Amino acid sequence: MDTFYQGLNDSGAMTDNQLFSEFSEGMAYYTTFLAMEFPELFVPYYFQYNYNVLEKISNEFDIALPTIPVKRDYKGRIYHYGGICTALYDFRLKYNMTPYELCAFLYDFAPKYIGGTDSYIIKSLPEPKSAFFIGGSKNDAFLDDDSDIISCWQCNPDTRAGDLIVMYLRSPISAVDSIWRSVSLGFNDPFFYYYRCTYIARPKKINRITQKQLQKDSIAKDLPIVRKNMQGINGVELYPSIYNHLLDMAKSDLPRLEYVVDETEGIYAREKDVEDQLIKPFLEKLGYTESEYQQQLYIEIGNHNHALIPDFVIHPVLNPGHQSADFLVEAKITIPSGKLLEEAKTQARGYAKLLNARYSVIAAKEGVWISTVDDDYSKDVLVFSWAELKNEDNFFTVFKLIGNGKIKKKYDAARHKTSV
């Protein structure tokens with residue numbers, strides 16, 4: 001890779017950033033050339049904007065991919081290709097494949113085996129929790145003419161499957177043009193220049209809202225992104241009230257983004273607020289770091305069908321044909337009635353069964369409800385408001401049940417008791 005890297009910078013004047021941009025844009029060409037010249041060492045790379053697929057293949061077939069470099073390590077991101085080739089070389093030798101058989105495996109057998117596009121494109125989407133701006137060029141003006149289009153795009157790290165994506169076309173059009181949905185989990189792609197991406201689809205064209213209209217509108221004109229003349233628009237989050245206002249400006253009948261207006265607890269206006277301001281601090285106090293839980297999982301459920309498990313999954317274990325977790329947390333904005341609580345519990349019960357979870361937790365701005373597998377997650381074994389959880393005795397009761405390390409110890413104790 002050193003020789004290739006130096007050859008890529010034959011002028012000697014390009015920065016690592018510029019070299020990476022060149023490599024990223026021409027990756028199929030460069031890697032095919034290397035593979036033709038040195039087929040024993042290099043593999044053509046055709047997973048552009050699909051690093052998530054390569055990761056799924058590596059997980060399924062136990063290929064030890066190297067750790068993805070951080071976004072600003074442009075040189076490391078070029079060299080990451082060399083690390084992938086090394087991992088695939090080891091895999092090829094292990095199964096006595098020729099370089100050509102490896103290519104057939106990578107680009108034909110393996111993608112089909114993991115489920116094709118169904119392994120990452122989500123057909124049954126959850127309700128949107130957030131809305132984000134993305135920026136397109138004049139050449140993207142006709143993308144939404146194709147209702148079946150699926151496109152990879154730069155995204156905000158907080159983008160979740162189902163979220164609303166507001167397409168703003170830059171100069172010379174300079175207008176909000178359409179509304180899309182995020183139809184995959186967000187993922188990092190080390191060979192995508194902007195690093196973080198998601199797939200967007202289901203475009204709905206709206207009456208264009210021009211930049212001048214935004215600048216004159218009594219509400220939109222005060223948005224920081226509008227004051228910055230829409231510069232740096234990709235990934236800018238829109239609060240529900242602003243997103244809904246844009247639909248009003250466009251005279252669109254598309255569904256509005258739901259949120260709750262509560263004068264006493266207005267800070268929890270949407271589900272994402274409950275997640276960020278209540279659930280995440282709750283999990284941290286229970287002893288879990290962010291690396292120990294995952295928000296949204298898209299997992300296999302028999303014969304390479306897939307299902308989306310939203311919200312929080314703690315200590316997920318995803319082995320081929322089997323998945324499990326210690327517990328899950330299903331988030332809601334508010335649960336003001338017993339009927340809505342039962343609906344939330346029914347939804348969470350399905351997820352808990354799928355993940356063989358010991359506990360199921362419902363969380364809303366009113367508090368938490370915890371149930372257990374012992375009675376099919378039917379009765380609440382603990383119920384506390386957030387105010388009650390500030391009482392250390394109450395919180396200690398919860399910690400004894402689902403605190404980090406406690407669940408495993410209870411399993412170990414149960415197994416020991418059974419063996420005796």
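The values are calculated or read from the model by the stated rules, or taken from the named source; none is laboratory data. Keep in mind it's a predicted model, so treat the numbers as computed, not measured. Using ideal geometry, Cβ is built from the backbone for each residue, glycine included, and neighbour counts are taken over all protein chains shown. For accessibility, only protein heavy atoms count, side chains too; no ligands or nucleic acids. Shrake-Rupley method; radii C 1.70, N 1.55, O 1.52, S 1.80 Å.
The lone criterion from (1) in contact (Cβ under 8 Å) with a residue 60 or more places away in the chain; (2) surrounded by 18 or more Cβ atoms within 10 Å (Cβ to Cβ); (3) in a strand (DSSP E or B) left unmet by SER184 is number (3). Of the residues examined, LYS94 is one that is open to solvent by 60 Å² or more (accessible area, probe 1.4 Å), modelled with pLDDT of 95 or more, out of contact with any helix residue (DSSP H, G or I) (no Cβ under 9 Å at 6 or more places or on another chain) and under 30 Å from ASN305 (Cα atoms). Against the condition in contact (Cβ under 8 Å) with a residue 24 or more places away in the chain, under 21 Å from CYS152 (Cα atoms), surrounded by 17 or more Cβ atoms within 10 Å (Cβ to Cβ) and not basic (Lys, Arg), how does TYR81 come out, does it pass? For TYR81, the condition - in contact (Cβ under 8 Å) with a residue 24 or more places away in the chain, under 21 Å from CYS152 (Cα atoms), surrounded by 17 or more Cβ atoms within 10 Å (Cβ to Cβ) and not basic (Lys, Arg) - is met. Could you tell me which numbered condition VAL70 fails, if it satisfies all but one of (1) of a type in the set (A, V, I, L, M); (2) open to solvent by 70 Å² or more (accessible area, probe 1.4 Å); (3) under 22 Å from PRO310 (Cα atoms)? Here VAL70 meets the rest and fails (3). Screening segment 303-403 for helices (runs of 4 or more DSSP H) wholly inside it with 2 or more residues that are modelled with pLDDT under 95 and within 30 Å of THR117 (Cα to Cα) returns the ranges 338-354. Being under 22 Å from ALA348 (Cα atoms), open to solvent by less than 50 Å² (accessible area, probe 1.4 Å) and at pLDDT 95 or above is a description that does not apply to ILE407.
Output the residues belonging to segment 43-96 that are of a type in the set (Lys, Arg) and in a helix (DSSP H, G or I). Once the filter is applied, which keeps residues that are of a type in the set (Lys, Arg) and in a helix (DSSP H, G or I), segment 43-96 yields LYS56, LYS75, ARG77, ARG92, LYS94. The residue list TYR49, TYR30 contains one member that is surrounded by 13 or more Cβ atoms within 10 Å (Cβ to Cβ) and in contact with a Cys (Cβ under 9 Å, 6 or more places away or on another chain), which is TYR49.
Pairs linking a residue in segment 1-20 that is under 22 Å from ILE84 (Cα atoms) to a residue that is basic (Lys, Arg) and not in a loop (DSSP other than H, G, I, E, B), with Cβ atoms under 8 Å and 6 or more positions apart or on different chains, are TYR5/LYS75; ASP16/LYS75; LEU19/LYS75; PHE20/LYS75; PHE20/ARG77. Look at segment 360-382: where a residue is under 15 Å from GLU271 (Cβ atoms) and open to solvent by less than 10 Å² (accessible area, probe 1.4 Å) and a partner is among the polar types (S, T, N, Q) and at pLDDT below 95, sitting 6+ places away or on another chain with Cβ atoms under 8 Å, you get ALA364/THR334.
Would a scan of segment 285-297 turn up a residue that is in a helix (DSSP H, G or I) and free of Cβ contacts under 8 Å to residues at least 40 places away in the same chain? Yes, some residue in segment 285-297 is in a helix (DSSP H, G or I) and free of Cβ contacts under 8 Å to residues at least 40 places away in the same chain. Of the listed requirements (1) touching a residue at least 40 places away in the same chain (Cβ under 8 Å); (2) surrounded by fewer than 18 Cβ atoms within 10 Å (Cβ to Cβ); (3) within 28 Å of the chain's Cα centre (by Cα), SER119 misses just one: (2). Taking helices (runs of 4 or more DSSP H) as the structural unit, those lying wholly within segment 222-281 and holding at least 2 residues that are open to solvent by 60 Å² or more (accessible area, probe 1.4 Å) and modelled with pLDDT of 90 or more correspond to 224-227.
Conditions tested, residue by residue: (1) of a type in the set (A, V, I, L, M); (2) more than 30 Å from SER171 (Cβ to Cβ).
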{"residue": "CYS85", "(1), (2)": "no, yes"}
{"residue": "PHE91", "(1), (2)": "no, yes"}
{"residue": "LEU102", "(1), (2)": "yes, yes"}
{"residue": "PRO111", "(1), (2)": "no, yes"}
{"residue": "LEU125", "(1), (2)": "yes, yes"}
{"residue": "PRO128", "(1), (2)": "no, no"}
{"residue": "PHE132", "(1), (2)": "no, no"}
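Answer yes if at least one residue in segment 98-110 is part of a loop (DSSP other than H, G, I, E, B) and not β-branched (Val, Ile, Thr), and no otherwise. So far as segment 98-110 goes, no, none of its residues is part of a loop (DSSP other than H, G, I, E, B) and not β-branched (Val, Ile, Thr).
Note on segment 61-76: residues that are out of contact with any Pro (no Cβ under 8 Å at 6 or more places or on another chain), β-branched (Val, Ile, Thr) and farther than 11 Å from LEU88 by Cα total 2. Scanning segment 311-359 for residues that are open to solvent by 40 Å² or more (accessible area, probe 1.4 Å) and at positive phi gives HIS315, GLY321, ASN356.
Taking GLU55 as the residue in question, decide whether it is over 29 Å from ILE299 (Cα atoms) and open to solvent by 30 Å² or more (accessible area, probe 1.4 Å). Spelling it out, it is not the case that GLU55 is over 29 Å from ILE299 (Cα atoms) and open to solvent by 30 Å² or more (accessible area, probe 1.4 Å).
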